[in-house]
Structures are given as structure tokens and as C-alpha cells.
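**Student:** Below is the structure I would like to discuss, written out as C-alpha cells.
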Amino acid sequence: MEASTSGPAMDASTLRISDRGDLIAAVPYLLGFHPQHSLVILVLHGKRLVVTARIDLPEPEDFVHVPGFVTKMINANGGDAAVIIAFVDDSDHPTEWLFALCCDVLPREQVRDALVVTDGRWFSVFDDAAAVCDDATPSVVAAVMHGMVALPSRSDVGRLALPSVQEDTTAFAAVLLRLAGEHPGDADRHERMDRLLDAIATECSGPGSSDRSEEGFEPSLAGADPWIELALLAGTAAGRAAALARLDRDAAPAAVALWSAVVRRTPAEWAVGALCLLGTAAWVDGDGALQLICAERAQVLDPSDGLAADLLELNCAMVPPSAWDPSLVGRRQARLPPQLFGPRFGEAAGPADPAR
């Protein structure tokens, strides 16, 4: 499951939806990418959008789990209803019939609408409304004006967290040996991470500092070594703690851009720390897809990494970004604070597997 708030760098009150077609057109900007063969759940509290989530479109035999999943999404995020949208690539998928069964199980007041999008058209399961999909609705115009991005696919989101296959591992090893002598203790590593992040914040405080594209965030940092140092410090408990303690909702877009740039410069064997910091920043920024991708890649590289496991648990338990409190992060804290995993979010999100 991939959950996001109203989208990266976007306040929920900024985007106003006028009708069904406008809502459907806004979904890629809420998720950060165009969903394909996906089930999207938009949780509402009154008329306010609380959270947007996506899973792979279940097979017909698995649709029995959807009502429970929707209910859990509503309850976990303080909502009172949901809109369910299926983006269907296979015209033979019996989505309309399955949606009707799903909506028969759920209380009618919990499902504001159930929509199917296929072959460039949308229709509602509840009535005869239908129309051609429009990519230039008022919500899309507002999203673009506010800097929201809808990448072509989920795989394009994955490229933001793709370690380098070209960087020289010898250079990383050399810097690692130097760091072992210069920053032998946690206090030194914490201070060095702080100084590097201060320098980046000063250099990249202008327009474009939170650009998530591959070319959009390239501070010079006076050479290559500081980039290597960031990656290596991110692999230490003290370095992570320094970075996490600076992370809040306002800083999250720039942190996503920074740690994405670090990951893309770093060979896989050194990238776990940066992947975890990128995943945490993505979660705080409301980008569940990037959070999940980072956590899964970090766990493949290092199955024992605690922060990667925490990010997967946060996603599975549908913990909203509003739960984040940087003041809870201690100097030696390599994992996320246990306060985030209270009874309200302690159970799995439901039988649906996380989307891959």
C-alpha cells in the first residue's frame, strides 16, 4: 500500500475539486505519478481530503478483502468516508461488477463514490454518469501552478531512488578511511552531518531547491567528497539522527530532493543510509510510493537495517505524516521513535499486499 497526503509540496487546502472528472484528473498529482492497473482510495473527512492511497488492482478472487481495507483506511486516518477509483488497463477485468459487490458490503455512507477509469473514459458504479477523461481540469491547472508533479508511472518514481552503477567505489572507500580518523565518535559524526546540511541549505535556498527531477538538485558542495561523506554519514546512527532531527513538513520537499541526489550518486553497497533518509523524508512529505520503494530497496541491500523496517511498518500501518515529531529523535537514534507505533497503528493495514 502506498499512502500520501494531498501530494508533495502541496497543502491540502490549496487543491479544490469541482466534480468527478476533476477528481480523477487530480489523482496523478495527489500520488505523484499516473496510476496503472491500480485501486486508489481517497479518504475524506467531510469535504476535506485526508489521504490518498494506491494498491495494485486486486484480482477478482481478492476483491473480498477490499471492503475491510477501505474501512481500515478510513478509521486509521480519521476519515468518515472514501471515494474508490479503479484505473483499469484490462478491459476484460470485471471491475464494475466487483465494485457493486464491494459497495453492497460497505455502509453506503462510507462510500461517497466508486469510479472506473478505462480506455480514456470514466464512469460511476452508482449512477449513469460517464465522460471522457480530461487532462486539463481546474484541479490539474492548480496542481501544476503549485509545483505538483505527476510522473508518467511508478517506475519513474523509482528512478528517484536508484543507486548509481557508475560511481567509483574506490573513492567511497578512501573517504570512509579518512572519516574513520576524523570523526571517530557519534558527536563528531552528528556535528559533521549538521555542518554539511547547513552548507547545503545555504547554497540551495533559492528557487528549484525542492525539484525532484534527476537534474533539478545539484549543489556543488565544493567537489565530490562531501557527497560521499553525506552517503557514508547517513549509514551511521549519529549521522541519521542529525538528519532526522532537522526534518519537518516544511523541510521535507528539499530533503527528498537532497537525499534523492545522494542516492543517485552512490553505489548500491553504500546507499542504504541515504535510501532510508530519502524514504523518511518522502513519508513526511506525503509520498507513500517513494517511501515504500526506498524501504524495499534498503531492505534488499541490508535486511537487518532497522530504519528500513520501520518505514515498511509505517506504510503497512498507514501512519500519516502528521505523526512525525523530529523532537523525538535522539542523537544515537538509528530507528524511528517507538512513539510512532502506538496501538492506533499497531496492526497491519489488511490482507492486501503492498504494491510493487
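**Student:** What accessible surface, in Å², does a 1.4 Å probe find on residue 316, ignoring ligands, DNA and RNA and rounding to the nearest 10?
**Tutor:** Result for residue 316: roughly 50 Å² accessible.
**Student:** Roughly how many nanometres apart are two label points built 7 Å out from the Cα toward the Cβ at residue 131 and residue 109?
**Tutor:** Here the modelled spin labels are 2.9 nm apart.
**Student:** Using per-residue counts of other Cβ atoms within 10 Å, averaged over each peptide, order 79-91, 231-243 from highest down. Please list the in-between numbers first.
**Tutor:** On the way: 79-91: 19.0, 231-243: 24.2.
Ranked by mean Cβ neighbours within 10 Å, highest first: 231-243, 79-91.
**Student:** Continuing with the same structure: So, with +1 on the Cβ of K and R and -1 on the Cβ of D and E, and no other charges, what is the size of the charge dipole of segment 68-176 about its Cα centre, to the nearest 20 debye?
**Tutor:** 400
**Student:** Could you report segment 88-168's accessible area per residue, 1.4 Å probe, as an integer in Å²?
**Tutor:** Heavy-atom accessible area per residue stands at 57 Å².
**Student:** Would you kindly find the accessible area of residue 327, with a 1.4 Å probe and non-protein molecules such as ligands, DNA and RNA excluded, rounding to the nearest 10 Å²?
**Tutor:** Accessible surface of residue 327 is approximately 90 Å².
**Student:** What residues qualify as long-range amide H neighbours of residue 266, i.e. H under 5 Å apart, gap of 5 or more or another chain, H built at 1.01 Å from N?
**Tutor:** Amide H to amide H, under 5 Å and 5 or more residues apart or across chains, residue 266 pairs with 164.
**Student:** Still on this structure, please answer the following. So if I place +1 on the C-beta of Lys and Arg and -1 on the C-beta of Asp and Glu, and nothing else carries charge, what would the dipole magnitude of segment 262-339 be about its Cα centre? I want it in debye, nearest 20.
**Tutor:** 240
**Student:** Considering only protein heavy atoms and a probe of 1.4 Å, how much of the accessible area of segment 68-143 is carbon and sulfur, as a whole percent?
**Tutor:** 53
**Student:** Pick out, from 114, 124, 160, the residue whose Cα sits farthest towards the positive end of the charge dipole of segment 66-163, with +1 on the Cβ of Lys and Arg and -1 on the Cβ of Asp and Glu.
**Tutor:** Farthest towards the positive pole: 160.
**Student:** Under a point spin-label approximation (7 Å from Cα along Cα-to-Cβ), what is the residue 327-residue 100 distance to one decimal in nm?
**Tutor:** Result for the modelled spin labels: 5.4 nm.
**Student:** Could you order the peptides 192-198, 157-163, 22-28 from most to least packed, using the average number of other C-beta atoms within 10 Å per residue?
**Tutor:** Order by mean packing, descending: 22-28, 157-163, 192-198.
**Student:** To continue, here is another question. Between residue 199 and residue 16, 0.36 nm times their residue separation minus their Cα-Cα distance comes to what?
**Tutor:** 62.1 nm
**Student:** Still on this model: Can you tell me, using C-alpha contacts under 8 Å and at least 6 residues apart, the relative contact order of segment 47-151 as a whole percent? Don't jump to the answer; show the numbers that get you there.
**Tutor:** Numbers: 98 pairs, mean separation 21.9, N = 105.
After rounding, I find 21 percent.
**Student:** Could you please put 50, 43 in sequence from largest to smallest accessible area, using a 1.4 Å probe? All intermediate terms of the calculation are to be shown ahead of the outcome.
**Tutor:** Working: 50 30, 43 0 Å².
The most accessible residue leads, giving 50, 43.
**Student:** Express in nm, to one decimal, how much length is gained between residue 170 and residue 249 on full extension, taking 0.36 nm for each residue of separation and deducting their alpha carbon distance.
**Tutor:** Working it through step by step, the gained length comes to 24.8 nm.
**Student:** Can you give the FRET efficiency to the nearest 0.05 for residue 269 and residue 153, using r as the Cβ-Cβ distance and R₀ = 22 Å? Present the calculation step by step, with values, prior to reporting the outcome.
**Tutor:** Details: r = 27 Å, r/R0 = 1.25.
Given R0 = 22 Å and the Cβ-Cβ separation, E is 0.20.
The values are calculated or read from the model by the stated rules, or taken from the named source; none is laboratory data. Here the structure is a predicted model, which means the values were calculated and not measured. Heads up, the Cβs are rebuilt from the backbone with ideal geometry, glycines too, and the neighbour counts pull from every protein chain shown. To get the accessible areas, we keep the full protein, side chains included, count just its heavy atoms, and leave off ligands, DNA and RNA. Shrake-Rupley method; radii C 1.70, N 1.55, O 1.52, S 1.80 Å.
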